[in-house]
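Here is the structure we will look at.
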Amino acid sequence: MDLGLAGRRAAVAAASQGLGFACAQALVADGVRVAVCGRSKDRITEAAELLGGGAVPLVADVGEPDQARRFVAEAREALGGLDILVTNAGGSPPGTFASVPFEEYPKGLALNLLSVVAMCQEAVPGMQAQGFGRVVAITSLTVRQPNPVLILSNTARAGATGFLKTLAREVAADGVTVNSVQPGMHGTERLYQVYGDELAERAEGIPARTLGRPEDFGAVVAFLCSDQARFITGAAIPVDGGEYAALL
């Protein structure tokens, strides 16, 4: 399927590996020019070389909202404009209500909520002005089904989802769509580091009986950026192999 993306310009955050890289890869395959960021200059430069297509590597820690905003501004300058924004960031440290001190909450909110707000504030007005834009946020299945030991992520990503839904309704008439994608367990480097030998057993608990492939997740994000997806906005879409069990 031709997604009508050739020549579009995208900023993809936290894309040195994992789902961010997979999203950038899917967009490049459809002819999009991308700027990608990561905290390590060496790693993001290597990722850009692997992506090809003239991908632009930028160094930014999106856990710092000022750097998140700067990444989008630098991406727009490097690409000569911006049509697509894919927000992404690493996960907050694990913890429960009893174990996480109040002082950790601002960091968690900055990483998984305020970074999204900052990137959208920098990107969306220009999209409105040109009459076209696509924002896709990578969040987590924990928005729908909170993880009992990820209270920081549960809190911040739920807040980001509320922000994105509100933004979607505000800018829909300007040709800008805003959606989020909620990954379940995918075979990323991070997941293998965390679970190691337990990963195969955990995959058995997914109705699909397998981990998601990062490239399949990237394809979903690329579709949401397409012309064919112009009537999809304000959606929060689980990509989880059937793991989420509720009706709504």
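Equivalent ellipsoid semi-axes for the chain, as square roots of 5 times the alpha carbon gyration tensor eigenvalues: give them largest first, rounded to whole Å. Working shown, then result.
Details: eigenvalues 137, 79, 73 Å².
Square roots of five times the eigenvalues give 26, 20, 19 Å.
When only C-alpha pairs under 8 Å and at least 6 residues apart count, what is the relative contact order of the stretch 1-127, in percent? Could you put the intermediate results ahead of the total?
Values: 231 pairs, mean separation 32.9, N = 127.
Computed over the stretch 1-127, the figure is 26 percent.
For the chain, return all DSSP H helices satisfying: extent of Cα atoms along own axis at least 24 Å; mean Kyte-Doolittle hydropathy at least -1.0. Intermediate values should be presented prior to the final figure.
Values: long enough: 151-171 (30 Å, 0.31).
Counting only whole DSSP H runs, the qualifying helices are 151-171.
Got a sec? Charge dipole of the chain, +1 on Cβ for Lys and Arg, -1 for Asp and Glu; which of G175, L191, V143 is way out at the positive end?
So the residue furthest toward the plus end is G175.
Taking the Cβ of each residue in M185, M1 as the centre, tally the other Cβ atoms inside 10 Å and list the residues starting with the fewest. Before the final figure, lay out the partial values.
Values: M185 20, M1 7.
If I rank by nearby Cβ atoms, fewest first, I get M1, M185.
Please build a GNM for the chain, connecting alpha carbons under 10 Å apart, and tell me which residue among L85, L199, L27 fluctuates the most.
L199
Using alpha-carbon pairs under 8 Å, 6+ residues apart, how would you state the relative contact order of the stretch 175-248 in percent?
Once divided by the residue count of the stretch 175-248, the mean separation gives 52 percent.
Using Cα springs under 10 Å in a Gaussian network model of the chain, which residue among T166, T142, T45 shows the largest mean-square fluctuation?
Among T166, T142, T45, the largest GNM mean-square fluctuation belongs to T166.
Divide by every residue of the chain the summed helix terms, -39500 (n - 2.57) for each DSSP H run of at least 4, and state the resulting mean residue ellipticity at 222 nm, rounded to the nearest 500 deg cm²/dmol. Could the numbers behind the result be given before it?
Numbers: 9 runs with 103 residues, N = 248.
After summing the helix terms and dividing by residue count, I get -12500 deg cm²/dmol.
Under 8 Å for C-alpha pairs, at least 6 residues apart: give me the relative contact order for the stretch 9-239, rounded to a whole percent.
Values: 458 pairs, mean separation 48.3, N = 231.
Across the stretch 9-239, relative contact order equals 21 percent.
Looking at the chain as a GNM with Cα springs under 10 Å, which of A208, A78, A89 has the largest mean-square fluctuation?
Greatest mean-square fluctuation among the candidates belongs to A208.
All of the numbers you see were taken from the coordinates with simple rules; none came from a lab. Worth saying up front: this structure is predicted, and the values here are computed from it rather than measured. So basically every Cβ, Gly included, is an ideal-geometry build from the backbone, and we count neighbours across all protein chains shown.
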